[in-house]
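Read-outs throughout are calculated quantities, based only on the coordinates presented, and are distinct from any laboratory measurement. No experiment lies behind these values; they were computed from the predicted model shown. All Cβ positions, even for glycine, are placed from backbone atoms using ideal geometry, and neighbour counts span all protein chains on display.
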Amino acid sequence: MQLAKITSYDESDNLVTQDKLLNHIFMEYGDGAGQDEQKYFMLNGDIYKLENTFIGSLNNKIKNYKKKNIFIDTPNLKRWERNKHETDYNNLFKNDVNTIVIHPYKHKYIELCDFIKYDDKNLYLFFVKDGFEGTIRDLSYQIFNTTKIIETDINSDCSFLKGFYNAFKNLYSTNIIINQENFVNLFKTRSIKYIFSFRDKSNRELEKSPESFASNIAKFSLIDLVQKMNMIDHGSLKIQQIESV
């Protein structure tokens, strides 16, 4: 692990970044069992012992999001069957009006979101995960990365959104019925809601009992995302839990 490296390349296979793999690991693990278990974070090569007061503060911050109107119910969100995967769930929306299913398409290695819904005032970008666990960190990164791209695009010539539209339209012509100008205007003229969406198969409610979810990394990642999204001018983060049936 100490010798391993992680690298990234551009579209022409030129080296862009290189660093030790250990500096990019973010994981949670425990020592002991039951009530005596001690939790730890490994973050950027350093190890942090998690005190009960820290874990309690994570839970309290998430509960407070309900008062701040971060937990919402968006229109026409379908329920998720227990034996279905993320792709199956996303595909449920393919024939809905004012809806564009993006998954699994990526433009310039970036997945804009899983699916889009819109009305006269709002644009909802849904990012979907099955389970509130360690992989939530990946979802948080995806949302913030997409947010920064859209923020930059809206403040410039919207080249990414235009390029995305053209490439996506060519591949999935039956899935998008508006023209390029109207597609870009969805982002420029509506209130953008980035929807952090997940299901818990037991239907535990995160907004009421975050302590029932074991993954402190998921909680930490969500809280970190909320804080970073407060700096965004065009759009806001919302959390919606998907009902499992």
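Compute the angle between helix 216-229 and the longest alpha-carbon principal axis of the chain, please, reported from 0 to 90 degrees and rounded to the nearest 10. Once rounded, one gets 50 degrees. The mean of 1/r over all distinct Cα pairs in the stretch 150-245, once inverted, gives the Kirkwood hydrodynamic radius of 16.1 Å. Per-residue ellipticity at 222 nm, computed for the chain from helices alone with -39500 (n - 2.57) per DSSP H run of at least four residues, works out to -9500 deg cm²/dmol.
Taking a ≥ b ≥ c as the square roots of the Cα gyration tensor eigenvalues, the stretch 200-245 comes out oblate, since a/c reaches at least 1.5 and a/b does not exceed b/c. Considering only C-alpha atoms, what is the centroid distance from the stretch 45-64 to the stretch 139-177, in Å? So the two Cα centres are separated by 35 Å. What the phi angles of the stretch 197-206 give under the Karplus curve with 6.51, -1.76 and 1.60, with θ = phi - 60°, is a coupling list of 10, 8, 10, 10, 4, 8, 6, 5, 9, 4 Hz, glycine and proline written as x. Relative to the longest principal axis of the Cα atoms of the chain, the long axis of helix 52-64 makes an angle of roughly 30 degrees. Kirkwood radius for the stretch 78-200, taken over all pairs of different Cα atoms as the inverse mean of 1/r, rounds to 15.0 Å.
Length available on full extension from SER244 to SER212: 0.36 nm per residue minus the Cα-Cα distance, which gives 9.9 nm. Distant-in-sequence amide contacts of LYS129, defined by a placed amide H-H separation under 5 Å and a gap of 5 or more residues or a different chain, comprise SER197, PHE198, ARG199.
Do the alpha carbons of any pairs in LYS67/LYS188; LYS78/LYS188; LYS61/LYS193; LYS66/LYS162; LYS84/LYS228 sit beyond 25 Å of each other, and which pairs? Those over the limit are LYS67/LYS188; LYS78/LYS188; LYS66/LYS162; LYS84/LYS228. Rounded to the nearest Hz, the phi-derived 3J(HN,Hα) couplings of the stretch 183-188 under the Karplus curve 6.51 cos²θ - 1.76 cosθ + 1.60 (θ = phi - 60°) are 5, 5, 5, 4, 7, 8, where x marks glycine and proline.
Coupling constants for the stretch 6-14 follow from the phi torsions by the Karplus curve (6.51 cos²θ - 1.76 cosθ + 1.60, θ = phi - 60°), and in residue order they are 10, 10, 9, 10, 8, 5, 9, 6, 8 Hz; glycine and proline get x.
Using only side-chain charges placed at the Cβ, +1 for Lys and Arg and -1 for Asp and Glu, the dipole size of the stretch 159-245 relative to its Cα centre rounds to 200 debye.
Site-free segments of the chain were taken between GluC sites (Glu not before Pro) in DSSP loops having at most 10 other Cβ atoms within 10 Å, sites themselves excluded; the longest one is 38-245. Placing unit charges on the Cβ atoms of the charged side chains and taking the dipole of the chain about its Cα centre, the candidate lying farthest along the positive direction among THR146, ILE239, ALA218 is ILE239.
Exactly which trypsin sites (Lys or Arg not before Pro) in the stretch 1-72 are in a DSSP loop and have at most 13 other Cβ atoms within 10 Å? Those that pass, being in a loop and sparsely packed, are LYS67, LYS68. Grouping the Cα pair distances of the chain into 5 Å bins from zero gives a pair-distance distribution of 1, 5, 12, 16, 17, 16, 13, 10, 6, 2, 1, 0 percent in increasing distance order. The charge dipole of the chain, taken about its Cα centre with unit charges on the Cβ atoms of Lys, Arg (+1), Asp and Glu (-1) only, comes to about 620 debye.
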